[in-house]
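Undergrad: This is the structure I have questions about; it appears just below.
The values are calculated or read from the model by the stated rules, or taken from the named source; none is laboratory data. No experiment lies behind these values; they were computed from the predicted model shown. Glycine gets a Cβ as well: all are built from the backbone with ideal geometry, and neighbour counts include every protein chain shown. Ligands, DNA and RNA are stripped out before the accessible areas are found, and what is left, the full protein with its side chains, is counted by its heavy atoms. Shrake-Rupley method; radii C 1.70, N 1.55, O 1.52, S 1.80 Å.
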Amino acid sequence: MSVLSAVLLGLAMGVVFGFVLEKSRVFEPAVILGQLQLRNFLMLKIFLSGVAAGLVVIGALVASGLSGLHPKAAIWTADIVGGLILGAGIALAGACPGTTLAQIGAGYRDAWFTLAGGLLGALTFTYLEPTLRPVLLEGGAGKLTLDKVLGIPFPWLAFGFAALIIAGLIALERWRPWRTEVGADADGLLPPPEPSAPAAVPAAASRS
Amino acid sequence: MPALTDRAWSPYFAGALLGLLQIPAFLLIGTALGASSSFVTVSATLASLVDPAIQQIDYAAKHLSGAKNWWQVALVVGIALGAFLSATLSGTRRRGIAPVWARALGTKSPATRFALAFLGGFLMLAGARIADGCTSGHGLSGMAQLAVGSFVAIAATFAGGIAMAHLLRRV
């Protein structure tokens with residue numbers, strides 16, 4: 001595919017991606033912070049639904065022979081150290097790399113600073129990559145997927161795992177209905193937490 | 001029925017649509033959805049204007065050209081356009097700084113928020129590039145391919161995120 005057609009396709013897919021991210025509200029900083037403080041579970045619902053749908057779709061593509069997998073290599077130290085730093089950054093940014101752009105599109109001003117910091121972070125890594133490679137970015141198990149570990153054909157394991165996620169999501173929805181978690185201004189901001197005085201307990205219980 | 005003018009869609013419906021985007025990614029581009037490597041493509045391209053030597057770094061060279069790299073840059077630009085379109089249609093365009101930050105940081109100072117956003121963005125992309133993926137590449141795509149390294153990376157991401165979020169004030 002030529003670069004031009006790849007760019008046009010990327011733009012079209014990105015518009016859909018951004019539109020759905022905005023409708024899902026997962027780009028809202030209060031949704032992300034609420035999730036990481038274990039107060040609002042909207043982000044987990046969207047994320048796991050995306051994984052479940054992906055499992056079904058990719059399982060079908062593999063089963064029909066239309067496509068193979070494109071997994072990333074497992075490099076334990078890099079996955080753990082990088083993941084921890086990424087998570088800390090997500091909490092401070094109130095965004096992930098992709099939703100930073102959705103925040104900019106929706107109009108949040110601070111997202112431009114997240115974007116600038118992100119570009120500098122990616123550039124800093126690029127300059128340090130040759131130094132980091134021998135310490136952090138080598139070894140590991142290669143492009144290992146769970147179907148290979150367990151010896152189960154990918155589509156079956158993918159469909160089974162998707163079914164497990166869907167069961168979990170049904171339980172999650174019963175525990176925390178999504179309409180409440182979207183919040184009054186659709187930004188995922190819930191009423192302020194009650195001070196944990198004993199007198200406040202009945203009021204908090206009746207509201208939830 | 002979800003309408004284009006709705007303020008919010010069901011997270012299950014919206015999440016499923018995100019998963020369906022894997023179809024054109026796999027079939028037409030031959031890759032899975034991702035977002036963070038586009039930050040390398042853009043920043044290394046900008047840096048090459050003042051420091052052409054960056055092209056001697058293999059990692060930069062791998063990200064500077066090719067259809068897949070610029071597809072992902074277009075994808076994240078499209079995300080901004082799509083979010084703008086959706087927010088405009090539903091009347092949820094945002095201005096300034098989200099109200100959650102006054103609660104989380106205990107101050108309404110824009111300078112504090114801008115500094116933390118910059119730091120957050122820096123850590124986010126440094127971490128994503130060390131781990132070779134973010135919530136899209138390792139999360140949506142890696143877990144949907146049952147990639148063992150992606151499960152580890154996402155567990156670490158949530159651990160780091162939960163720890164840092166608890167250092168802020170409770171929202």
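Undergrad: Measuring from a point 7 Å past the Cα of A:A60 along Cα-to-C-beta, which residues in the stretch B:1-41 have an amide N at less than 15 Å?
TA: B:16-27
Undergrad: If one computes the Cα centroid of the stretch B:22-36 and of the stretch B:92-171, what distance in Å separates the two points?
TA: What the calculation gives is 23 Å, centre to centre.
Undergrad: Taking a virtual spin label 7 Å from the Cα of B:A53 along the C-beta vector, which residues in the stretch B:118-162 bring their backbone nitrogen under 15 Å of it?
TA: none
Undergrad: Aspartates and glutamates within cross-link reach of B:K108: Cα-Cα under 14 Å, excluding same-chain residues under 8 positions apart?
TA: Partners found: A:D110.
Undergrad: Once you place label points 7 Å from the Cα toward the Cβ at A:A12 and A:L38, how far apart are they in nm?
TA: About 4.5 nm, to one decimal.
Undergrad: Next question, about the same structure. Can you give the charge dipole size of the stretch A:72-144 about its Cα centre, rounded to the nearest 20 debye, using +1 on the beta carbon of Lys and Arg and -1 on the beta carbon of Asp and Glu?
TA: Numbers: 4 positive and 4 negative charges, 22 e Å.
Dipole magnitude for the stretch A:72-144 comes out near 100 debye.
Undergrad: With a ≥ b ≥ c the root eigenvalues of the C-alpha gyration tensor of chain A, is it rounded (a/c under 1.5), prolate (a/b larger than b/c) or oblate? It would help to have the intermediate numbers written out before the result.
TA: Numbers: a/c = 1.61, a/b = 1.32, b/c = 1.22.
Prolate, because a/c is 1.5 or more and a/b exceeds b/c.
Undergrad: Charges on Cβ only, +1 for Lys and Arg, -1 for Asp and Glu, centred on the Cα centroid of the protein assembly as shown; of B:P99, B:A115, A:F19, which one is farthest towards the dipole's positive end?
TA: B:P99
Undergrad: Place +1 on the Cβ of every Lys and Arg and -1 on the Cβ of every Asp and Glu in the stretch A:72-144, take the dipole about the Cα centre, and give the residue among A:A88, A:G142, A:A111 whose Cα lies farthest towards its positive end.
TA: A:G142
Undergrad: Sorted from largest down, what three extents in whole angstroms do the Cα atoms of chain B have along their principal axes?
TA: Result, largest extent first: 46, 42, 33 Å.
Undergrad: How large is the accessible surface of A:I166 in square angstrom, using a 1.4 angstrom probe and rounding to the nearest 10?
TA: Accessible area, nearest 10 Å²: 80 Å².
Undergrad: Shape call for the stretch A:81-200 from the C-alpha gyration tensor, a ≥ b ≥ c root eigenvalues: rounded (a/c under 1.5), prolate (a/b greater than b/c) or oblate? Don't skip to the answer; put the middle values down first.
TA: Values: a/c = 2.15, a/b = 1.15, b/c = 1.87.
Oblate is the answer for the stretch A:81-200, as a/c is 1.5 or above yet b/c matches or exceeds a/b.
Undergrad: Just in the stretch B:88-120: which trypsin sites (Lys or Arg not before Pro) are loop by DSSP and have at most 12 other Cβ atoms within 10 Å?
TA: Details: sites: B:R93, B:R94, B:R95, B:R103, B:K108, B:R113; in loops: B:R93, B:R94, B:R95, B:K108.
In loop regions of the stretch B:88-120 (DSSP not H, G, I, E or B), the sparsely surrounded trypsin sites (Lys or Arg not before Pro) are B:R95, B:K108.
Undergrad: Averaged across the residues of B:33-41, what count of C-beta atoms belonging to other chains lies within 10 Å of each residue's C-beta?
TA: Details: counts 5, 4, 9, 7, 2, 7, 11, 7, 1.
Taking all residues of B:33-41 together, the mean is 6.
Undergrad: Here's a follow-up. Let me know the charge dipole size of the protein assembly as shown about its Cα centre in debye, to the nearest 20, where only the beta-carbon of Lys, Arg (+1) and Asp, Glu (-1) is charged.
TA: Working: 25 positive and 16 negative charges, 150 e Å.
Using only the charged Cβ atoms, the result is roughly 720 debye.
Undergrad: For the stretch A:72-144, what is one quarter of the convex hull surface built on the Cα atoms, given in nm²?
TA: On the way: hull surface 21.6 nm².
With the hull built on Cα positions only, its mean projection is 5.4 nm².
Undergrad: In addition: Per DSSP H run of n ≥ 4, the term is -39500 (n - 2.57); total these for chain A, divide by its residue number, and report the mean residue ellipticity at 222 nm rounded to 500 deg cm²/dmol.
TA: Numbers: 10 runs with 145 residues, N = 208.
That calculation yields -22500 deg cm²/dmol at 222 nm.
Undergrad: Still on this structure, please answer the following. Please enumerate, by chain and number, the lysines with C-alpha under 28 Å from the C-alpha of A:K148, excluding those fewer than 8 residues away in the same chain.
TA: Those lysines meeting the cut-off are A:K45, A:K72, B:K68.
Undergrad: What translational diffusion coefficient, in µm²/s and rounded to a whole number, does the Stokes-Einstein relation yield for the protein assembly as shown at 37 °C and a viscosity of 0.692 mPa s, taking the hydrodynamic radius as the Kirkwood radius over Cα pairs? Could you put the intermediate results ahead of the total?
TA: Working: Rh = 20.7 Å.
Reported coefficient: 159 µm²/s.
Undergrad: In nanometres, what is the gap between the two model label sites at B:A102 and B:M1, each 7 Å from Cα along Cα-to-Cβ?
TA: Reported label-point gap for B:A102 and B:M1 is 4.0 nm.
Undergrad: Still on this structure, please answer the following. So what's the back-of-envelope 222 nm ellipticity for chain B, counting only DSSP H runs of four-plus at -39500 (n - 2.57) apiece and dividing by all residues, rounded to 500? Intermediate results must be reported in sequence, preceding the final value.
TA: Details: 7 runs with 101 residues, N = 171.
Calculated at 222 nm, the ellipticity per residue is -19000 deg cm²/dmol.
Undergrad: Right, here's the next one. Any idea how far the Cα center of the stretch A:1-78 sits from the one of the stretch B:45-63, in Å?
TA: Taking the Cα centre of the stretch B:45-63 as reference, the centre of the stretch A:1-78 is 28 Å away.
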